[in-house]
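Presented below is the structure to which this report refers.
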Amino acid sequence: MIQSIEIHNFKNLSGLKIPGFSRVNLISGKNNVGKSSLLEALEIHIANSSIVPILESRGELYKTYSPGDGIDLFKQNYEALSSLFTGRNGNADDGNNVMAINDGRNLLSMQFRRYTVVKEEDNNALTRQRIVFSPGKDFPDGDVRTGLVVERGARGKVMFQLEHRLDRLDSGDSSRRPDIARHIKIEPDFNDSALVSRLWDSIALTDKEDYVIGALKIIEPGIESLAFLESPAYKKDRYPVARIAGVNHRIPLRSMGDGINHILCIILSLVNCEDGCVLIDEIDNGLHYTVQKQLWGVVFDLAAKLNVQVFATTHSSDCISSFGKVACMNEGAGKYIRLEYRAGSVRAVEYDAGELEIVAAQNIEIR
């Protein structure tokens, strides 16, 4: 598990330090304080690969492009990657302009660097080319370029040339199949039917299927079983249908509201990430406050059984209160962290079990 995190120069998190995480962690705070940015930083750090999908999901990078599109790849890539830095400032001439994420054991850092390619010749024949970095604007003769230098602990440094596609930035754990993923992230508008159906296939007819059905009963107690069917219009698109007690035909889960489908995504992610990590942005999305305590109970239970670390965000006082009640029944397994601006930067305020118990008992919002 990730025990702690230090984040520097990443989006609006210019210098955030969280000294202690637990197995299940809830992060709250006002809009635009950095809750989603914290999840993104954790995702990049955990996955060793997720920079490109994050940029695409935020509209910073085109999903598809080819040489014939007439796109200035350097300009697009530089602007997209600069969005990861605080103030969107990726100044390559500033030697201290480094974005870093550190959990105390592994360090990820990124920095734009100026470089030139030096050609070495022997008897007018090219023998090799090497990259030479230089601080500031002091360069040897040659074609001066800008690259992104990524360092991942023991893996060492890799330099990415921005004149080319960024596919290699998306190498690593993302190549693994979803059923053996080390991490899964759920967005508020998560609707990847292909991924959800594959996650179901990986646990179908196993004990983990019972966990999923049990969680869906939080919303619809009559659910007896679940299956995924091919869409008549698009064969590659499969959708979930449920068997409901007393109903003699299959019911599409999509017709039963956003809440039950959100729970399906959460629980499928948990049971597929054994010994891994699940990140959930706005965990209470589409869920009435009366069912949130039951959901937290399932999350805590599965996280313990399957050794999954959970990071979730919310800005709902009901969600915080429900989390607090369940966390108090699972001593040491949950932590609540609130992000807030102090003196112009984002800081984390942690609450212990005793404080959470008071909040849960009085049903008040932590301010």
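The strands (runs of 3 or more DSSP E) falling completely within the stretch 1-74 include none with 2 or more residues that are at pLDDT below 90, closer than 20 Å to Asp281 by Cβ and of a type in the set (A, V, I, L, M). Going by the structure shown, is Asn191 of a type outside the set (Val, Ile, Thr), closer than 25 Å to Ser57 by Cα, free of Cβ contacts under 8 Å to residues at least 24 places away in the same chain and not in a helix (DSSP H, G or I)? Yes, satisfied.
Collect the residues in the stretch 230-251 that are in a strand (DSSP E or B) and farther than 19 Å from Thr206 by Cβ, keeping them in residue-number order.
Glu230, Tyr239, Val241, Ile244, Ile251 - these are the residues of the stretch 230-251 that are in a strand (DSSP E or B) and farther than 19 Å from Thr206 by Cβ.
Residues in the stretch 199-242 that are buried (at least 20 other Cβ atoms within 10 Å of the Cβ) and free of Cβ contacts under 8 Å to residues at least 60 places away in the same chain: Val212, Leu216, Ile223, Pro240, Ala242. If you take just the helices (runs of 4 or more DSSP H) that sit entirely in the stretch 252-367, which of them hold at least 3 residues that are modelled with pLDDT under 90 and out of contact with any strand residue (DSSP E or B) (no Cβ under 8 Å at 6 or more places or on another chain)? Qualifying helices (runs of 4 or more DSSP H): 317-329, 353-362.
The values are calculated or read from the model by the stated rules, or taken from the named source; none is laboratory data. Just so you know, these numbers come straight off a predicted model, no measurement behind them. So basically every Cβ, Gly included, is an ideal-geometry build from the backbone, and we count neighbours across all protein chains shown.
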